Structure formats: structure tokens, C-alpha cells
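Here it is, the structure in full.
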Amino acid sequence: MYKIFNTVDEVSRYTAQRLLDKVRAMPAAVLGLATGSTMEPVYAQLINAMQLAPLDTAQLTTFNLDEYIGLSAEHPQSYHYYMCKNLFNLLQIPAHNIHLPNGLNSNIESACQAYSKAIQAKGGLDLQLLGIGSNGHIGFNEPHTCFNSRTHVVELSEQTRIDNARFFTDKSEMPTHAITMGIQDILEAKEIILVATGPNKSEIMAQLFDSPIDEALPASALKQHPNLTIVLDREAAALLPQSALQSAV
Ligand code: GLP
């Protein structure tokens with residue numbers, strides 16, 4: 001299902017509301033969380049809404065999608081740092097309920113396996129939030145990742161390194177590898193919300209709309225999911241065919 005809004009603000013308010021509704025209905029929900037510039041206004045809206053109508057987050061559990069290898073939690077470009085700054089420092093979620101892949105783990109293979117198992121042990125993800133890379137990656141699952149993958153180490157594609165280098169003042173610090181939840185982990189979420197905003201996402205959203213389910217385009221795996229919402233602003237939806245725009249609510 002597509003939801004298309006005029007502005008980033010509306011996209012973010014809608015997405016934040018979906019998260020709030022989930023937590024209200026299910027205080028012990030397990031949320032899969034994403035990073036990236038798309039999610040910043042979503043988390044800001046979530047915090048705003050919670051200031052107006054406080055919500056009990058003491059039973060929530062979160063699992064983040066991915067993390068760079070080689071960056072500590074204190075590195076300003078690590079996803080751990082991002083999550084603390086944009087969400088975790090502002091919400092009361094018990095620390096032991098917050099999970100992020102550890103980019104400094106010395107036994108990375110077993111840490112990856114443990115991460116997917118920890119999600120399963122919690123009964124799976126109730127709601128997974130996703131952004132999308134300009135090459136169609138979800139999490140850091142780059143093109144041609146197996147759709148049955150679990151949490152694993154990835155070598156970042158040239159495109160992703162170019163896209164994400166914008167966040168690093170010193171470009172040489174941009175990592176070459178990352179840990180990501182696998183596509184199978186993501187697909188097992190009971191509900192998925194994919195968010196894309198801005199003109200830089202219009203081409204990939206048009207490709208995704210046209211694409212068959214194909215490992216060359218990781219986000220196309222989502223087309224087999226029974227409870228997927230794709231939330232776009234007008235700019236990200238600009239190259240979608242008219243028929244898709246008309247059926248969007
Ligand atoms: C990164 C993350 C993805 C995210 C993507 C889009 O590569 N690993 O999870 O979806 O960037 O980021 P942005 O929202 O900044 O465009």
C-alpha cells in the first residue's frame with residue numbers, strides 16, 4: 001500500500017503516528033528501527049507527540065537494522081550515536097531492551113548469529129521501519145544479497161559509500177563494511193513501513209514500483225510482504241506512474 005503526502009513534515013507525522021499507535025496498542029512491542037536522514041524528522045515528530053501525550057515505553061524492545069564496522073558507539077557517525085541523539089536519550093526505554101549491532105565486536109560472525117536469534121527469541125519484530133538507499137538497499141543489504149539472509153557483514157557498495165560519505169567531515173573515515181540485519185529477518189517482521197522522501201529517491205522508487213521480486217533490487221523483497229506500507233512525499237513519488245498515485249491514499 002502506498003501513502004503519498006505533499007511534504008516531508010506530513011510523511012514524518014504519519015509515520016510517527018503509526019509507531020505511536022503500535023506502542024499504544026502493544027506496550028511490549030518489538031520495534032525494528034532505522035537510521036538515515038529520512039528518519040530524523042520521523043523521530044523528532046515522535047518525540048514531539050510524546051511530549052503532548054506521554055506514552056509508556058518501559059516495556060518496549062528495539063532492534064536497530066545496522067551499524068558500521070569500525071566505529072565506536074561514541075563516534076558521531078555511528079548509528080549507535082545517531083540513535084542516542086535522535087531517540088534513545090529522549091525516551092525511557094530500559095537500556096537492556098535496546099539492541100544495536102556492535103561494529104567493534106571482535107567475534108563478529110557469532111555476534112551476527114546472536115543478533116538474529118535475539119530477535120527471534122523476542123517473538124520477532126512487530127513493526128520494522130525502513131529507509132531505502134539510492135541503489136535499493138534496505139538496512140545495508142546491498143544489491144544481490146540473498147533474500148534468505150540473516151544478520152551478516154557486508155562490504156558497502158561504491159554507490160553507498162558515495163551516498164553516505166556526505167555525513168563524514170573526513171571522508172577517509174567512511175567505513176568500507178557494516179553489519180546488517182538480513183533480508184529474511186526484515187521480512188519476518190509482522191508489519192513494515194518503508195519511508196522515502198526527496199528528489200534523490202524518485203528514481204529508485206520508480207524502479208521499485210516496476211521491478212519484479214529480484215535480488216538485484218533488495219527492496220523488491222518487500223513486495224511479497226503481506227503488511228507493507230510505502231510512505232512517500234511528492235518528490236520521492238514524482239516518477240511513479242499515474243496509476244500508482246491514484247490508488248495511493
Ligand atoms: C543508510 C542506512 C539505511 C538507510 C539509507 C537511507 O545506508 N543503512 O538503513 O535506509 O542509508 O538513508 P537516508 O535516509 O539518509 O537517505
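So which chymotrypsin sites (Phe, Trp or Tyr not before Pro) in the range 149-240 are both in a DSSP loop and have at most 10 other Cβ atoms within 10 Å of their Cβ?
none
Another question, then. For the chain, what is the mean residue ellipticity at 222 nm derived from helices alone (per DSSP H run of n ≥ 4: -39500 (n - 2.57); sum divided by total residues; nearest 500 deg cm²/dmol)?
The helix contribution divided over the chain gives -9500 deg cm²/dmol.
So what J values fall out for the range 70-80 if you push phi through Karplus, 6.51 cos²θ - 1.76 cosθ + 1.60 with θ = phi - 60°, rounded to Hz, Gly and Pro as x?
x, 9, 7, 4, 8, 5, x, 9, 6, 6, 4
With 27 Å as the limit, write out which pairs from 117/223; 3/117; 117/171 have Cα-Cα distances beyond it, or answer none.
Check vs 27 Å cut-off fails for 3/117; 117/171.
So for each of 60-67, 95-102, 210-217 I average, over its residues, the number of other beta carbons within 10 Å; can you give me the resulting order with the highest mean first?
60-67, 95-102, 210-217
Ordered by residue, what ³J(HN,Hα) values in Hz, to whole numbers, does the range 207-217 give under the Karplus form 6.51 cos²θ - 1.76 cosθ + 1.60, where θ = phi - 60° and Gly and Pro are x?
Once rounded to whole Hz, the list reads 4, 4, 4, 7, 6, x, 6, 8, 5, 5, 10.
Quick check on the range 16-169: take the gyration tensor over C-alpha atoms, sort the square-rooted eigenvalues as a ≥ b ≥ c, and tell me if it's rounded (a/c under 1.5), prolate or oblate.
prolate
Can you list residues from other chains, or at least 5 along the same chain, whose modelled amide H is less than 5 Å from the amide H of residue 139?
For residue 139, whose amide H was placed from the backbone, the distant partners under 5 Å are 131.
If you don't mind, there's one more thing I want to ask. Charges at C-beta only: +1 for Lys and Arg, -1 for Asp and Glu. How large is the resulting dipole of the range 117-177 about its Cα centre, in Debye rounded to 20?
I would put it at about 240 debye.
Counting Lys +1, Arg +1, Asp -1, Glu -1, what net charge surrounds residue 156 among other residues with beta carbon under 11 Å of its beta carbon?
Result for the local shell: -4.
Where does the charge balance sit around residue 116 when Lys and Arg score +1, Asp and Glu -1, over other residues with C-beta under 10 Å from its C-beta?
Every neighbour counted, the sum reads 0.
With a ≥ b ≥ c taken as the square roots of the eigenvalues of the C-alpha gyration tensor of the range 153-249, please select rounded if a/c is under 1.5 and otherwise prolate if a/b is larger than b/c or oblate if it is not?
Here the range 153-249 falls in the oblate category.
Taking the Cβ of residue 190 as the center, what net charge do the other residues with Cβ under 15 Å away carry, scoring Lys and Arg +1 and Asp and Glu -1?
Charge balance near residue 190 sits at -2.
Now for a different question. Quick check: from the Cα gyration tensor, does the range 1-97 come out rounded (a/c under 1.5), prolate or oblate?
oblate
Residue farthest toward the positive end of the dipole of the range 113-204, with Cβ of Lys/Arg at +1 and Asp/Glu at -1: which of 146, 157, 184?
Checking the options against the dipole of the range 113-204, the answer is 184.
With a 1.4 Å probe and every protein chain kept in, tell me what percent of the accessible surface of the chain is carbon plus sulfur.
C and S atoms contribute 52 percent here.
Right, next: Please find, in a Gaussian network model of the chain (springs between Cα atoms separated by less than 10 Å), the residue of 16, 237, 118 whose mean-square fluctuation is greatest.
Sorting by GNM fluctuation, first place goes to 118.
The values are calculated or read from the model by the stated rules, or taken from the named source; none is laboratory data. Since this is a predicted model, take the numbers as computed values, not measurements. Cβ: placed from backbone, ideal geometry, glycine included. Neighbour counts: every protein chain shown. All accessible areas refer to the heavy atoms of the entire protein, side chains included, with ligands and DNA or RNA removed. Shrake-Rupley method; radii C 1.70, N 1.55, O 1.52, S 1.80 Å.
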